[in-house]
Structure formats: C-alpha cells, structure tokens
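Heads up: the structure comes next, in structure tokens.
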Amino acid sequence: MLVKDGNVYGDRISEEDFDQFIDQAYADEAIRNNLLVMLNTTMLSVKALSKKTGLKPDVIFRHILILVQKGQVEMARVEGHSPLYRSTISE
C-alpha cells in the first residue's frame, strides 16, 4: 500500500493524505453520477447544471469534460452561445 510500502519509487504518502485523496475521488464520482442522472432526462447547459447543483460553473465544466472523455456525455447542440449536454448512457 502507498502508505506503508510506498510506490515503485519508494515514495510514501501519509494516511491522512491518502484518505483525503480517496474522499475526493468518491465526491467527484458522486458529482459525475448526479450530472449523468440529470443529463439522462434532459439536455442542459453548464450554467443550468450549476444552478441545479449549486456548484460553480468551472467545477461543472471540469466534470463535464471528464464525462465527455469517458464517452458518457456528449454535446447535443448549441443554444445561443451555450452548449447543451446530454448523457450517452441509456438506463
């Protein structure tokens, strides 16, 4: 384990840092799952997702980019100057 043995270079991290890393990974996945649920039923912009979740638009956009890279979200169309995103995953 990284805390006890370190990585292949012998670098170790503290248990506290490891726990924070895991907690952040879980939180990020929960956010992405929430976005996927919302985008499965309707197309929404980053601004609309921000209003619905209470998260800042830059945070939403970062998660949208990751979901696009994973092939789970796509840009459906552009309305005005705002891209609308939708889930590519069917229930």
Problem set entry | Sorted by Cβ neighbour density within 10 Å, fewest at the top, the residues Leu55, Leu67 | Leu55, Leu67
Problem set entry | Neighbour-count ranking [beta-carbon atoms within 10 angstrom, fewest first] of Arg86, Arg62 | Arg62, Arg86
Problem set entry | Selection from Tyr9, His81, Ala25 lying farthest towards where the dipole of the chain points positive, charges on Cβ | His81
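Taking the Cα centre of the chain as origin and charging only Cβ (+1 Lys, Arg; -1 Asp, Glu), how large is the dipole, in debye to the nearest 20? Before the final figure, lay out the partial values.
Working: 11 positive and 13 negative charges, 137 e Å.
In total the dipole reaches around 660 debye.
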Exercise. Just from its helices, what would the mean residue ellipticity at 222 nm be for the chain, if runs of 4 or more DSSP H residues each count -39500 (n - 2.57) and the sum is divided by every residue, rounded to the nearest 500 deg cm²/dmol?
Worked result: -17500 deg cm²/dmol
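How high is the relative contact order of the chain, in percent, counting Cα pairs under 8 Å that sit 6 or more residues apart?
Details: 86 pairs, mean separation 22.9, N = 91.
Result for the chain is 25 percent.
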Exercise. Given (1) 14.2; (2) 15.4; (3) 14.7 as candidate values of Kirkwood radius over Cα pairs in Å, which corresponds to the one derived from the coordinates?
Worked result: (3)
Exercise. So which lysines pass the test for Lys70, namely a Cα distance under 22 Å, with those fewer than 8 places away in the same chain ruled out?
Worked result: Lys47, Lys56
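Values quoted throughout were computed directly from the atomic coordinates according to the rules given, and no laboratory measurement underlies them. No experiment lies behind these values; they were computed from the predicted model shown. Because the Cβ atoms are built from the backbone with ideal geometry, glycine has one as well, and the counts that use them run over all protein chains shown.
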